[in-house]
Amino acid sequence: MARRLGVLAGGGPLPKQVIGAAQAAGREVFVLAFEGETDPAVVEGVPHQWLPLGAVGRTLRALHDAGSEDVVMIGPVRRPSLARIKLDWRGMQLLGRLGLGVGRGPGLGDDRLFKAIVGELEGEGFRVIGADEVIAALLAPAGLLTRAAPDAAAEGDIALGIQVAARLGELDIGQAVVVQHGLVLGVEAVEGTDQLLARCAGLRHAGPGGVLVKLKKPKQERRADLPTIGPATVRAAADAGLEGIAVHAGNCMIIEQQRVIDAADRAGLFVIGVDGRG
């Protein structure tokens with residue numbers, strides 16, 4: 001019998017896709033929805049519970065009460081400040097073990113946070129899995145996906161973007177960078193890829209070119225926060241005047257891959273899976 005799946009659902013369309021794929025495979029699913037983050041449509045017709053982000057203890061109890069065996073974390077979640085988030089006692093204990101607290105300690109990067117969350121779940125006896133274990137086709141394949149292909153200038157921009165993105169990842173800052181004609185127009189931080197692209201639209205130099213490069217961080221917890229693109233990313237890249245998108249093959253998720261390819265073809269953009277090593 002398939003193991004019961006607990007879904008910690010963030011925002012965007014991916015949680016609903018994962019839930020549907022799990023159900024199609026005969027899995028029973030329980031969804032933990034987060035107030036202000038999860039789309040209410042995601043939990044329609046599915047056993048679920050709504051909780052605030054800081055309710056770590058209640059989240060673990062809900063997963064246990066629902067009989068969850070495997071747990072998947074999927075969908076983006078906005079990062080409130082420690083001063084604003086309503087942490088319960090279990091959440092405060094978690095931050096204490098990380099040497100953090102409201103008004104003290106260093107910042108908490110995504111890598112460190114997600115590894116801590118995975119450790120907390122595994123300590124409770126859950127098996128944490130990646131979304132790609134539920135939908136294998138989510139992962140970007142290697143090679144060109146579109147009719148358009150990068151020219152020599154774009155290939156140079158991709159190579160530089162890979163170097164910069166890898167360094168960003170080592171510092172646990174972000175996953176994406178925009179490069180045009182050998183110049184770094186912008187790097188992703190807390191604002192996310194769509195805002196990075198919007199910001200770079202006004203920074204491009206005259207003429208064609210410009211590439212978004214998105215890689216998994218070198219030490220990233222791949223079960224929790226793999227880089228992701230979707231149709232909205234293609235639209236944002238086109239609006240920014242870019243020539244194409246390069247993603248980390250096997251380590252980046254593509255939401256609705258065929259729609260991404262079709263949107264890129266209509267816009268004349270390339271989408272390519274690269275090995276992330278330059």
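Which condition does residue 210 not pass, out of (1) surrounded by fewer than 22 Cβ atoms within 10 Å (Cβ to Cβ); (2) on the phi > 0 side of the Ramachandran plot, if it passes all the others?
(1)
Can residue 53 be described as part of a loop (DSSP other than H, G, I, E, B) and either under 17 Å from residue 224 (Cα atoms) or under 21 Å from the mean Cα position of the chain (by Cα) (or both)?
Values: part of a loop (DSSP other than H, G, I, E, B): yes; either under 17 Å from residue 224 (Cα atoms) or under 21 Å from the mean Cα position of the chain (by Cα) (or both): yes.
Yes; evaluated as a whole, the condition is true for this residue.
Kindly indicate whether any position in the range 218-227 is outside any strand (DSSP E or B) and at pLDDT 95 or above. Spell out the reasoning first.
Our first condition is that a residue be outside any strand (DSSP E or B); within the range 218-227, this holds for 218-227.
Add one more test, that the residue is at pLDDT 95 or above, and what stays is none.
Looking through the range 218-227, none of the residues is outside any strand (DSSP E or B) and at pLDDT 95 or above.
Applying the selection to the range 21-43, what residues are out of contact with any His (no Cβ under 7 Å at 6 or more places or on another chain) and either more than 14 Å from residue 70 (Cβ to Cβ) or among the polar types (S, T, N, Q) (or both)?
Residues satisfying the conditions are 23, 24, 34, 35, 36, 37, 38, 39, 40, 41, 42, 43.
Regarding residue 124, is this residue surrounded by fewer than 15 Cβ atoms within 10 Å (Cβ to Cβ) and assigned by TED's automatic domain parsing to the domain that holds residue 251?
On the way: surrounded by fewer than 15 Cβ atoms within 10 Å (Cβ to Cβ): yes; assigned by TED's automatic domain parsing to the domain that holds residue 251: no.
No: the conditions fail for residue 124.
Looking for whichever is in a helix (DSSP H, G or I) and under 21 Å from the mean Cα position of the chain (by Cα) here; the options are 71, 31, 42. Which one fits?
Numbers: 71 fails: in a helix (DSSP H, G or I); 31 fails: in a helix (DSSP H, G or I).
Sole residue among the options that is in a helix (DSSP H, G or I) and under 21 Å from the mean Cα position of the chain (by Cα): 42.
Tell me the residue from 192, 186, 169, 202 that is out of contact with any Cys (no Cβ under 7 Å at 6 or more places or on another chain) and crowded, with 19+ Cβ neighbours inside 10 Å, please. Outline the logic, then answer.
Numbers: 192 fails: crowded, with 19+ Cβ neighbours inside 10 Å; 186 fails: out of contact with any Cys (no Cβ under 7 Å at 6 or more places or on another chain); 202 fails: crowded, with 19+ Cβ neighbours inside 10 Å.
One residue alone meets the criteria, 169.
Could you tell me whether the range 201-215 includes any residue that is under 27 Å from residue 115 (Cα atoms) and either of a type outside the set (A, V, I, L, M) or part of a loop (DSSP other than H, G, I, E, B) (or both)?
Going residue by residue through the range 201-215, those that are under 27 Å from residue 115 (Cα atoms) are 212-215.
Now narrow it down to the ones that are either of a type outside the set (A, V, I, L, M) or part of a loop (DSSP other than H, G, I, E, B) (or both): 214-215.
Yes, the range 201-215 contains at least one residue that is under 27 Å from residue 115 (Cα atoms) and either of a type outside the set (A, V, I, L, M) or part of a loop (DSSP other than H, G, I, E, B) (or both).
Within the range 185-198, is even one residue closer than 17 Å to residue 276 by Cα and not in a loop (DSSP other than H, G, I, E, B)?
Yes.
Under 7 Å by Cβ, and 6 or more places apart or on different chains, what pairs join a residue from the range 103-130 that is at pLDDT 90 or above with one that is assigned to a helix (DSSP H, G or I)?
If the second residue must be assigned to a helix (DSSP H, G or I), the pairs left are 124/60; 126/63; 128/118; 128/121; 128/122.
The values are calculated or read from the model by the stated rules, or taken from the named source; none is laboratory data. The structure displayed is predicted, hence computed values, not measured ones. FYI the Cβ positions are ideal-geometry reconstructions off the backbone, even for glycines, and counts take in every protein chain you see.
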